[in-house]
1. Restricting region 64-115 to residues that are in contact (Cβ under 8 Å) with a residue 12 or more places away in the chain and part of a loop (DSSP other than H, G, I, E, B), which is farthest from residue 39 (Cα to Cα)?
2. I'd like the residue in region 35-73 that is among the basic types (Lys, Arg) and under 15 Å from residue 3 (Cβ atoms) and, out of all such residues, is surrounded by the most Cβ atoms within 10 Å (Cβ to Cβ).
3. Working only within region 86-115, note down all residues that are in contact with a Leu (Cβ under 7 Å, 6 or more places away or on another chain) and modelled with pLDDT of 90 or more.
Amino acid sequence: MASRLEQALARFRHGRHQPEADPPPAEADQEAAKPPPGRGDAFRARVEERLRILEQQTGVAYAPYRSLVVWGPLLPQDRSRLAEDEARLVEVGIHSRRRAADALGVPDPETEFAR
């Protein structure tokens with residue numbers, strides 16, 4: 001019997017993966033930035049297969065296998081708009097400085113605050 005990874009890859013190669021539902025009209029322009037549907041299934045199956053192998057080698061149980069495939073943006077982002085929005089949210093007290101730094105991707109907010 002083929003592993004789940006092999007089955008997912010076979011479905012992907014032959015175009016028999018489950019198509020995603022049509023996006024709402026507001027998200028239609030973002031559809032071009034998404035990768036083809038079905039790839040996430042193949043990646044999840046590969047992660048599960050690797051976790052099973054790791055379990056066999058180390059004896060540590062990782063089941064149930066839960067993985068989330070996160071696709072990064074393919075198009076450039078408007079970071080200046082995000083920075084302005086976060087500055088306003090901090091100014092009115094909705095977000096903390098730490099949460100704004102996390103949203104902007106600052107790796108070490110404490111060092112930045114000390115400067």
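The values are calculated or read from the model by the stated rules, or taken from the named source; none is laboratory data. Bear in mind that the values here come from a model prediction, so they are computed numbers and not experimental data. We place every Cβ from the backbone using ideal geometry, glycine too, and count neighbours over all the protein chains shown.
1. Applying the filter and picking the extreme gives 104.
2. Of region 35-73, the ones among the basic types (Lys, Arg) are 39, 44, 46, 50, 52, 66.
Narrowing further to those that are under 15 Å from residue 3 (Cβ atoms): 44, 46, 50, 52.
Numbers: 44: 18, 46: 16, 50: 14, 52: 16.
Per the stated criteria, the residue is 44.
3. Selection gives 86, 95, 100.
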